[in-house]
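Everything below concerns the one structure shown next.
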Amino acid sequence: MTDQPGGLADSAFLRAARGQPAPHVPVWFMRQAGRSLPEYRAVREGVAMLDACTRPELVVEITMQPVRRHGVDAAILFSDIVLPLKALGVDLDIVSGVGPVVAEPVRDLAAAEAIPSFDGDRVGFVTEAVNELVAQLGGTPLVGFAGAPYTLASYLIEGGPSKDHALTKAMMHGAPDVWRALMDRLVGISAGFLRVQAEAGASAVQLFDSWAGGLTPADYREHVLPYSSAVFERIADLGVPRVHFGVATGEILADMASVDVEVMGVDWRVPLDRAVQRIRPHQAVQGNLDPALVFAPWDVIEAKAGEVLELGRTAPGHIFNLGHGVLPSTDPDVLTRLVDLIHSYEFAVAS
Ligand code: CP3
């Protein structure tokens, strides 16, 4: 990373992530690469999702597509949270329109202990793709990511997407030894996958604990937080900003922010000024326009994005994003217009 003015370290995204003043509020979108883009659908034609993730030339192309099209302030590696599990030998697939499906769900101690340890050599294609991306991206940071232990565990235990996570919670409460064994392994996998990406040149990393918001605060604190915390601690030495994100996390935001992390991702349900009161004073915020709002008339989008920007000023740093991923039917032109709006926004009163 260079410290020259205008270089990567000086990018609006990294400055905001570190709580330093930025020339403009940086913006990127979770799930910005993907089905909302015709050029994505074209290159994915006939290639299975997880196969695409293992082909560096495709990963580079798909990661670059939204950067070229929208002029966002950060790229996010084209991959998936279940990719490291697959690469390590867990029999799973991503079924289109469904999500990750696991052939043999983890239901007992033997199955939990059979989850392999992380091995960076199994994801050499990620290192290759990240190296090439860093070269192509120049001054635009690349965000690496991983699924948090709880969210990964939910797929492994349920066998696929689930609304209520009943089997996951049953294991958490009814089979603590199995839970611990599985979560310990997933800590190693999440942290290992983040480390590989950062060591290959990713400028920041995000831990997606997408489904943690379905837990009671007490359960989150006792059965999940220690493992997510361990992931962040294990990568603290890398020196890259770390983002912690989940959906519907209003009630657990303070607990999520208690880990060693620089940026808190906030979904659209909590106004950013209230989120700031729940997290730690040095932490920057990332978010949080409702992803469904981009279907509203432009004047509404403009007003709501303005509100997000104004509330974001209550944090030491603000990275504009949606409150969750881009919905597949989103009009990409609206996202481009939104990026332009964020970049040219003039705050009402100087801070
Ligand atoms: O943000 C990006 O553009 C980078 C790529 C990215 C993908 N998945 C690609 C993808 C990221 C960051 C993810 C993270 C991910 N994957 C999460 C956490 C984020 C979140 O949304 O909360 C989760 C829970 C998953 C698991 C997963 N993978 C789901 C639920 C699905 C959707 C299934 C469907 O088809 O509706 C996937 C598939 C997936 N991951 C796609 C993409 C582009 C769609 C596959 C396709 O295009 O065929």
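At-a-glance table
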read-out: Long-range HN-HN contacts of Asn321 with modeled amide H, under 5 Å; value: Gly287, Asn288, Leu289
read-out: ³J(HN,Hα) computed for each position of the range 24-41 - Karplus, 6.51 cos²θ - 1.76 cosθ + 1.60, integer Hz, glycine/proline x; value: 8, 6, x, 9, 8, 10, 4, 6, 6, 8, x, 5, 7, 10, x, 5, 5, 4
read-out: Percent antiparallel among DSSP beta bridges (both partners in the range 5-344, rounded to 5); value: 15 percent
read-out: Viscosity 1.567 mPa s, 4 °C: Kirkwood-radius Stokes-Einstein D of the chain over Cα pairs, µm²/s; value: 64 µm²/s
read-out: Accessible surface, per residue, of the range 5-344 when the full set of protein chains is kept, probe 1.4 Å, Å²; value: 38 Å²
read-out: Alpha-carbon Debye profile of the range 46-160, log10 I(q)/I(0) at 0.10, 0.11, 0.21 Å⁻¹; value: -0.34, -0.40, -1.17
read-out: Which of Pro332, Pro271, Pro291, positive extreme of dipole for the range 221-351 (C-beta unit charges); value: Pro271
read-out: Whole-Hz couplings from phi, Karplus 6.51/-1.76/1.60, listed for the range 89-94; x for Gly and Pro; value: x, 6, 7, 8, 9, 9
read-out: Overall form of the range 161-214 per C-alpha gyration tensor (a/c, 1.5; a/b vs b/c); value: oblate
read-out: ³J(HN,Hα), Karplus 6.51/-1.76/1.60, whole Hz, each residue of the range 247-260, x for Gly, Pro; value: 10, 6, 9, x, 6, 10, 4, 5, 5, 4, 7, 6, 7, 7
read-out: Of Met171, Ile252, Ile301, farthest towards positive along the dipole that unit charges on Lys, Arg, Asp, Glu beta carbons give the range 5-344; value: Ile301
read-out: The chain: calculated mean residue ellipticity at 222 nm from DSSP helix runs of at least 4, using -39500 (n - 2.57); value: -12500 deg cm²/dmol
read-out: Charge dipole magnitude, Cβ of K and R +1, D and E -1 - the range 283-351, Cα centre, debye nearest 20; value: 220 debye
read-out: Histogram of C-alpha separations across the range 128-172, 10 Å bin width, %; value: 23, 31, 16, 23, 7
read-out: Protein accessible area in the chain, 1.4 Å probe - carbon and sulfur %; value: 50 percent
read-out: Unit charges on C-beta of K, R, D, E only; dipole of the range 5-344, Debye; value: 420 debye
read-out: Radius ratio Rg over Rh of the range 176-274, counting only Cα atoms, Kirkwood formula for Rh; value: 0.97
read-out: Dimensions in Å of the range 238-307 - Rg and Dmax from alpha carbons; value: 13.3, 43
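The values are calculated or read from the model by the stated rules, or taken from the named source; none is laboratory data. Every value quoted in this text rests on a predicted model; they were computed, and no experiment measured them. FYI the Cβ positions are ideal-geometry reconstructions off the backbone, even for glycines, and counts take in every protein chain you see. Note: accessible area is taken over every heavy atom of the protein model, side chains too, but ligands, DNA and RNA are not part of it. Shrake-Rupley method; radii C 1.70, N 1.55, O 1.52, S 1.80 Å.
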